[in-house]
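Enquirer: Encoded as structure tokens, here's the structure I'll be asking about.
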Amino acid sequence: MKKIKVLSIFGTRPEAIKMCPLVKELDKHEEIENIVCVTGQHRQMLDQVLDIFQVIPDYDLKLMKDKQTLTTITTDVLISLEKLLPEIKPDLVLVHGDTTTSASAALASFYQQIPVGHVEAGLRTYDIYSPFPEEMNRKIISQITELFFAPTENNKKNLEKENIYKNIFVTGNTVIDAFQYTVKENYQFKNNVLKEIDFDNSRIVLMTAHRRENLGKPLENICKAVKRIVENNKDIQIVYPVHLNPAVRETVFEILGNEERIYLTDPIDVEDMHNVMSRSFLVMTDSGGLQEEGPHFGIPVVVLRTETERPEAVEAGTVQVAGVREEEIYTIVNRLLNDREAYQKMARAVNPYGDGHASERITEEIIKWSKIHV
Ligand code: UD1
Ligand code: UDP
């Protein structure tokens, strides 16, 4: 039997969390030769995920640099893949979402005329500077893509608005598949700070913030709002695993570094993360992934951005976009902490992102496609 060669390329934490369940699924099918290449755009934060899922990449481009820029990541990925792709000769390259690794890997594949499958296709804010550069990255990927794996019907409609009609499959989001590997009932935390928290008798606010467009003033505003929220709500504790980007850490540690009941940790592994989220009272975040995860657990999510490409949970009422001004963030979060009715309205588990079988659907479509095209 001729096997179809599927090469998954990813490089950052969120891509890995959402691609590993798919890599595991592809592995189950003997008609597929399942190859993984990580760019290493992230290092520690990527390796944390690979360890949890026990995915060992076939190729590691080891690209992360301390002060990498969008240009250096892009050119490093292009140059490395220009050499590697002709060696591997994949029938299909899979990329995920909207990172610079994903856009560059799609472009590198296009240069070798290798078809691309885009996992998490069709998300849009219609503002190319927010999120930056992710909105443009995913638009570029859409121009190159052969197989579109859209998490929701709404994502499919976004593609259709851009006159893309062929090969769009609504699959759900693979992040929901990831929970099967990470969420456990009697979970024992590994992180020392999390080990000490009494989740049953305190209200935990889980937060993350790292986006490029929030660096500087917006992140300062966010941190100042958090400081006020904690001062005014004596029963809450903030858990904030801080991204390893020095530009993020500098601001966050300066403003929140010495505050009581604010726990700043290094990035925690995805098992700890999903289990702390499922036990939290509220999530505050500028991350994309957390906006999909909170609703699954029925935990309200306050988005520290001016827009979102994930309107499904906003429409369902469990996600609220707060913006990046101190006063607005303070008011919205303070209300959720003190107004039971407002909180209850948001704290409902909704599941616009699928049933945990997205990876199976994607694999099935790849196999069907390969029978005609490979
Ligand atoms: C990238 C993605 C963003 C995604 C985020 C997930 C782009 C343009 N951005 O942004 O879409 O939301 O990842 O976290 O692709 N660092 C480490 N160790 C790590 C990871 C990062 O030290 O494991 C530090 C390095 O100094 C690195 C810096 O963080 O230079 C920034 O990393 P980079 O991947 O360039 O940007 P992110 O903000 O992480
Ligand atoms: N996450 C994690 N550890 C952390 C922070 C986040 O495992 O310390 C997970 C989180 O649960 C989600 C993903 O990382 O699955 C989100 O990634 P990130 O915020 O880096 O990127 P984004 O989703 O914004 O692209």
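The values are calculated or read from the model by the stated rules, or taken from the named source; none is laboratory data. Since this is a predicted model, take the numbers as computed values, not measurements. Every residue, glycine among them, receives a Cβ derived from its backbone with ideal geometry; neighbour counts consider all protein chains shown. In case anyone asks, the SASA skips ligands and DNA or RNA and just uses the protein heavy atoms, side chains included. Shrake-Rupley method; radii C 1.70, N 1.55, O 1.52, S 1.80 Å.
Enquirer: Over the chain, with a Gaussian network built from C-alpha contacts below 10 Å, which listed residue (141, 164, 238) shows the highest mean-square fluctuation?
Expert: Of 141, 164, 238, the Gaussian network model singles out 164 as fluctuating most.
Enquirer: Helix 358-373 sits at what angle to the longest principal axis of the chain, using alpha carbons and giving 0 to 90 degrees rounded to 10?
Expert: Taking the Cα atoms of the chain, the angle to 358-373 is about 20 degrees.
Enquirer: Then there is this: If I build a Gaussian network model for the chain, linking alpha-carbon pairs within less than 10 angstrom, which residue out of 56, 168, 114 has the largest mean-square fluctuation?
Expert: Highest fluctuation of the listed residues: 56.
Enquirer: Same structure, new question: Helix 70-88 versus the longest principal axis of the chain: what angle, 0 to 90°, nearest 10, using Cα atoms?
Expert: Helix 70-88 and the main axis of the chain meet at about 40 degrees.
Enquirer: Determine the share of the range 10-86's accessible area contributed by carbon and sulfur atoms, expressed in whole percent, with a 1.4 angstrom probe. Please list the in-between numbers first.
Expert: Numbers: 1830 of 3560 Å².
About 51 percent, which is the carbon plus sulfur part of the accessible surface.
Enquirer: A further question follows. Would the range 184-281 count as rounded, prolate or oblate if I go by the C-alpha gyration tensor, calling it rounded below 1.5 in a/c and otherwise prolate when a/b exceeds b/c, oblate otherwise?
Expert: Judged from the Cα gyration tensor, the range 184-281 comes out oblate (a/c at least 1.5, b/c at or above a/b).
Enquirer: May I ask what percent, to the nearest 5, of DSSP beta bridges between residues of the chain are antiparallel?
Expert: Around 0 percent of the beta bridges assigned by DSSP in the chain are antiparallel ones.
Enquirer: Where the only charges are on Cβ atoms (+1 Lys, Arg; -1 Asp, Glu), what is the dipole of the range 1-139 about its Cα centre, to the nearest 20 debye? Intermediate results must be reported in sequence, preceding the final value.
Expert: Working: 16 positive and 20 negative charges, 29 e Å.
Here the size comes out at about 140 debye.
Enquirer: Give a residue-ordered list of calculated ³J(HN,Hα) values for the range 283-293 (Karplus: 6.51 cos²θ - 1.76 cosθ + 1.60, θ = phi - 60°; whole Hz; x for Gly, Pro).
Expert: 10, 10, 7, 10, 6, x, x, 5, 5, 8, 7
Enquirer: Let me know the shape class of the range 299-351, please: from the alpha-carbon gyration tensor, a ≥ b ≥ c as square roots of the eigenvalues, rounded when a/c is under 1.5, otherwise prolate if a/b is greater than b/c, or oblate.
Expert: Verdict is oblate for the range 299-351.
Enquirer: Taking the simple approach of a point 7 Å from Cα along Cα-to-Cβ for both residue 371 and residue 244, what is their distance in nm?
Expert: Spacing of the two 7 Å Cα→Cβ label points: 4.3 nm.
Enquirer: Now for a different question. Among the trypsin sites (Lys or Arg not before Pro) in the range 196-266, which ones are in a DSSP loop with at most 10 other Cβ atoms within 10 Å of the Cβ? Mind listing them? Mind showing how you got there, number by number?
Expert: Working: sites: 203, 211, 212, 224, 227, 228, 234, 249, 261; in loops: 211, 234, 261.
Taking the range 196-266 and a limit of 10 other Cβ atoms within 10 Å, the loop trypsin sites (Lys or Arg not before Pro) found are 234.
Enquirer: Work out the length of the dipole vector of the range 102-187 about its Cα centre, built from +1 on the beta-carbon of each Lys and Arg and -1 on the beta-carbon of each Asp and Glu, and round it to the nearest 20 debye.
Expert: 140 debye
Enquirer: May I pose another question? Take the residue pairs 65/157; 161/217; 3/190; 62/166; 62/371; 139/368 and return only those whose Cα atoms are more than 32 Å apart.
Expert: 65/157; 161/217; 3/190; 62/166; 62/371
Enquirer: Most mobile of 74, 152, 331 per a Gaussian network model of the chain (Cα springs, under 10 Å)?
Expert: Its mean-square fluctuation being the largest, the pick is 331.
Enquirer: For helix 326-338, what angle does its Cα long axis make with the longest principal axis of the chain, in degrees from 0 to 90 and rounded to 10?
Expert: Between the helix axis and the principal axis of the chain, the angle is about 70 degrees.
Enquirer: I'd like the Karplus ³J(HN,Hα) series for the range 24-38: coefficients 6.51, -1.76, 1.60, θ = phi - 60°, whole numbers in Hz, and an x wherever there's a Gly or Pro.
Expert: 5, 5, 4, 4, 7, 10, 6, 7, 10, 8, 9, 10, 10, 10, 9
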